[in-house]
Amino acid sequence: MAKSIIYTNKAPQAIGTYSQAVKVNQTVYLSGQIPLNPNTMTLVDGDIRAHITQVFENLRAVAVAAGGDLTDIVKLNIFLLDLGHFPIVNEIMGQYFSEPYPARAAVGVAALPKNAQIEMDGIMVLQEQEYH
């Protein structure tokens, strides 16, 4: 099994005992991202739209560091303090993804790290590289 740890300074550093992502062969397991600014490691200012957008940007940064992009995500998990924000998640997700969409779960939770309102994690599968 070929396992490698993915890290980028374009996404928030891990705030615990975990990696931003772990790649095993062509599969990449993306750790949860909350709306942290990677430069300040504080929650971004703004409303839920700004928070959702920052989470997608953080996920994208890690996906790119792993050699892919958000389009390679096959499973996305969304954790929300308020499921009433789900329509906004769908709207913003439509700016980052197009059909065929990844499989997805959305779960209402009681609390998230740093009092964030949203967290997302995912699994992506990279295209096999052709060697010439």
Output the residues belonging to the range 97-132 that are of a type in the set (Phe, Trp, Tyr) and farther than 18 Å from Gly67 by Cβ. Phe97, Tyr101
On the basis of being touching a residue at least 60 places away in the same chain (Cβ under 8 Å), within 12 Å of Gly122 (Cα to Cα) and not polar (S, T, N, Q), does Leu59 make the cut? yes
Test of understanding: among Gly108, Gly84, which residue is over 27 Å from Thr8 (Cα atoms) and in contact with a helix residue (DSSP H, G or I) (Cβ under 9 Å, 6 or more places away or on another chain)? Gly108
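Residues are listed down the side, and each one gets a yes or a no for (1) assigned to a loop (DSSP other than H, G, I, E, B); (2) surrounded by 11 or more Cβ atoms within 10 Å (Cβ to Cβ); (3) on the phi < 0 side of the Ramachandran plot:
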site	(1), (2), (3)
Pro12	yes, yes, yes
Thr17	yes, no, yes
Val22	no, yes, yes
Tyr29	no, yes, yes
Pro38	yes, yes, yes
Met41	yes, yes, no
Arg49	no, yes, yes
Scanning for something among the small types (Gly, Ala, Ser) and buried (at least 20 other Cβ atoms within 10 Å of the Cβ), does the range 57-65 turn up at least one residue? yes
When you look at Val44, is it modelled with pLDDT of 95 or more and within 15 Å of Pro12 (Cβ to Cβ), yes or no? yes
Would a scan of the range 8-17 turn up a residue that is modelled with pLDDT under 95 and in contact with a Pro (Cβ under 9 Å, 6 or more places away or on another chain)? yes
Considering the range 53-65, residues that are among the aliphatic types (A, V, I, L, M) and over 10 Å from the mean Cα position of the chain (by Cα), and then whichever is nearest to Ile6 (Cα to Cα), we arrive at Ala65
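The values are calculated or read from the model by the stated rules, or taken from the named source; none is laboratory data. Note that the coordinates shown come from a computational prediction; the quantities given were computed from them, not determined experimentally. Note that we place each Cβ from the backbone using ideal geometry, even for glycine, and neighbour counts take in every protein chain shown.
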